[in-house]
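Below is one structure, written out as structure tokens, with a few remarks after it.
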Amino acid sequence: MEALPSKPLVNSPYLQSLLAGAAAGTTVDTSLYPLDTLKTRLQSSAGFRASGGFRGVYNGIGSAIVGSAPGAALFFVTYDGVKRYYASQNLGVYGEAGVHMLAASVSEVAACAVRVPTEVIKQRAQAKQHPSSLAALTAVLGQRRTHGLLHVWRELYRGWSITVIREVPFTVIQFPLWEGMKKWALRQRHGSKPADVTGAESAGFGAISGAIAAGLTTPLDVLKTRMMLAKEREGMLAMTRRIWAEEGGRVFFSGIGPRTMWISIGGAVFLGSYQWASNFLAGV
């Protein structure tokens, strides 16, 4: 006799995505923060040791805690919303993978509205430009008196373009791979047809897809870090040419080890905890 499914704790699928995304974002950013700090310092133009080395690896965690939940929640509610909208549509030549790519792209742009200011403040604290997230934020906001409100806004969103340019390709690689592996796993079930994969399975698929996407997008991540840490604003193409001329092409793969490891583990924690929370809220 088959067990009856549990009653959902939250009936709205959008609220499920919102809450599960918030839980996943907070979990991954707080648990793996030291690896993110080391990656930022390896990519800093000041050098690893001058940026703090192995000391104070939790510098800036306050901004990560504040920004993680809303950023991830906004991502997943948008992602699942776009998927549901196209579920009943004629997918044509694009198929499911095309829908996943579109959903991931739109979701990343939405999430960057929260993620970019968080990253700017966090990375300045990580690179020892300021002693804490609060000090970094205060320094930016303090520029309003001398430079005006528009300048403060531009500082908080410094690196917006390169962040979107980095995140969209990353997610377009990661999420179709993750969704494809989940679909493959469900096809392997012969005796039962569960509504979705388990949190543990999602974690494994998240680790694999995250590692692949992280390695391929490392040059964009290096450029994003340099733009956010620069003393003066500089255009993306101008900075790319200058780094290439002064430091060579190899520098664009600085921190690829910590980044790949961090995002592989992060993909497991992020997508595993999201799947677990989503299943729990849906009563799966």
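The values are calculated or read from the model by the stated rules, or taken from the named source; none is laboratory data. Predicted, not measured: the structure shown is a model, and the values here were computed from it. Here Cβ is always computed from backbone atoms with ideal geometry, including for glycine, and neighbour counts include all displayed protein chains.
The set of residues in segment 223-242 that are part of a helix (DSSP H, G or I) and loosely packed, with under 14 Cβ neighbours inside 10 Å comprises 237, 238, 241, 242. Going by the conditions given, is residue 195 modelled with pLDDT of 85 or more and not polar (S, T, N, Q)? Spelling it out, it is not the case that residue 195 is modelled with pLDDT of 85 or more and not polar (S, T, N, Q). Taken over segment 130-141, the residue count meeting the criterion of being touching a helix residue (DSSP H, G or I) at 6+ places or on another chain (Cβ under 9 Å) and over 17 Å from residue 33 (Cβ atoms) is 5.
Has segment 216-232 got any residue that is under 20 Å from residue 272 (Cβ atoms), touching an Asp or Glu at 6+ places or on another chain (Cβ under 8 Å) and in contact (Cβ under 8 Å) with a residue 12 or more places away in the chain? Give the derivation first.
Just the residues of segment 216-232 that are under 20 Å from residue 272 (Cβ atoms), to begin with: none.
Looking for residues that are under 20 Å from residue 272 (Cβ atoms), touching an Asp or Glu at 6+ places or on another chain (Cβ under 8 Å) and in contact (Cβ under 8 Å) with a residue 12 or more places away in the chain, one finds none in segment 216-232, hence no.
Where in segment 120-222 are there helices (runs of 4 or more DSSP H), lying wholly inside it, with at least 2 residues that are acidic (Asp, Glu), surrounded by 18 or more Cβ atoms within 10 Å (Cβ to Cβ) and out of contact with any Lys or Arg (no Cβ under 7 Å at 6 or more places or on another chain)?
Working: elements: 133-142, 144-147, 149-156, 160-187, 199-216.
Per the criteria, 160-187.
Is there a residue being of a type in the set (Phe, Trp, Tyr), more than 20 Å from residue 79 (Cα to Cα), touching a Leu at 6+ places or on another chain (Cβ under 7 Å) and part of a helix (DSSP H, G or I) anywhere in segment 243-254?
We begin by selecting, within segment 243-254, every residue of a type in the set (Phe, Trp, Tyr); these are 244, 252-253.
Narrowing the set further to residues that are more than 20 Å from residue 79 (Cα to Cα) leaves 244, 252-253.
Still in the list and also touching a Leu at 6+ places or on another chain (Cβ under 7 Å): none.
Looking for residues that are of a type in the set (Phe, Trp, Tyr), more than 20 Å from residue 79 (Cα to Cα), touching a Leu at 6+ places or on another chain (Cβ under 7 Å) and part of a helix (DSSP H, G or I), one finds none in segment 243-254, hence no.
What about residue 261, is it touching an Asp or Glu at 6+ places or on another chain (Cβ under 7 Å), touching a residue at least 60 places away in the same chain (Cβ under 8 Å) and either within 23 Å of residue 126 (Cα to Cα) or assigned to a helix (DSSP H, G or I) (or both)? Judged against the criteria, residue 261 is not a match.
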